[in-house]
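Notes to accompany the following structure.
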Amino acid sequence: RWGGAARGPAVVVGDAAGILDPFSGDGMFEAFTSSEIASEAALDVRRATDWLSMVDRYVVWTDFVRPTCRTHYGGILVALGRWAEAEAELLAAIEGFDDRGYRGDRMFAALRLADLRVRQGRVEEAERLLKGGEWHPTARRLAATIALARGDAPLASELGELCAEGSALADPTC
């Protein structure tokens with residue numbers, strides 16, 4: 001047990017990634033979330049499942065780590081079309097953030113749930129989930145997708161331009 005944060009293989013992984021302080025254990029959040037983010041980018045559900053189970057086994061401070069990892073796991077499930085599972089994970093992540101007072105961080109799970117709702121054709125629900133997140137490029141992209149689905153090409157174009165504004169050219173969000 002290192003710094004009260006983690007124990008077991010998680011310490012080795014965080015140290016190998018160069019984001020863990022081997023004396024205090026600081027950096028475990030980054031180790032776990034980076035692993036989930038990488039799994040999401042690769043759509044590697046098996047590895048994401050493994051990481052999520054490690055959070056439960058080895059991380060003491062799960063009140064923020066668990067919903068953050070569930071957010072990325074839910075994103076993988078959305079992309080793979082496993083919508084029922086994705087919905088359960090994303091709703092649990094939102095609830096986890098809300099229950100623990102991390103209301104600002106719930107937006108990242110809400111954006112992924114909004115993406116799911118758009119894919120399901122439930123655009124009104126998606127719009128409600130986007131409220132308050134208009135600043136985020138993903139919210140702008142989803143709003144553009146909704147506008148396009150409703151046949152409002154000029155609004156979709158405007159929102160698409162807003163999405164790309166200030167984004168790096170390599171950013172796949174927009």
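Observations
- Per-region count, region 115-126, residues part of a helix (DSSP H, G or I) and either touching a Pro at 6+ places or on another chain (Cβ under 9 Å) or open to solvent by 40 Å² or more (accessible area, probe 1.4 Å) (or both): 3
- Subset tally (residues that are assigned to a helix (DSSP H, G or I) and either open to solvent by less than 70 Å² (accessible area, probe 1.4 Å) or of a type in the set (F, W, Y) (or both)) for region 132-142: 5
- In region 155-167, the count of residues that are surrounded by fewer than 16 Cβ atoms within 10 Å (Cβ to Cβ) and within 19 Å of I37 (Cβ to Cβ) is one or more.
- From the options L129, L91, residue that is touching a Leu at 6+ places or on another chain (Cβ under 8 Å), crowded, with 24+ Cβ neighbours inside 10 Å and either part of a helix (DSSP H, G or I) or touching a residue at least 60 places away in the same chain (Cβ under 8 Å) (or both): L129
- Residue count for region 98-114, restricted to those that are open to solvent by 30 Å² or more (accessible area, probe 1.4 Å) and not in a loop (DSSP other than H, G, I, E, B): 8
- Residue count for region 70-88, restricted to those that are closer than 17 Å to D50 by Cβ and open to solvent by 60 Å² or more (accessible area, probe 1.4 Å): 3
The values are calculated or read from the model by the stated rules, or taken from the named source; none is laboratory data. Being a predicted model, the structure only gives us computed values, none of them experimental. All Cβ positions, even for glycine, are placed from backbone atoms using ideal geometry, and neighbour counts span all protein chains on display. When the accessible area is computed, the model is the full protein with side chains, heavy atoms only, and any ligands, DNA or RNA have been set aside. Shrake-Rupley method; radii C 1.70, N 1.55, O 1.52, S 1.80 Å.
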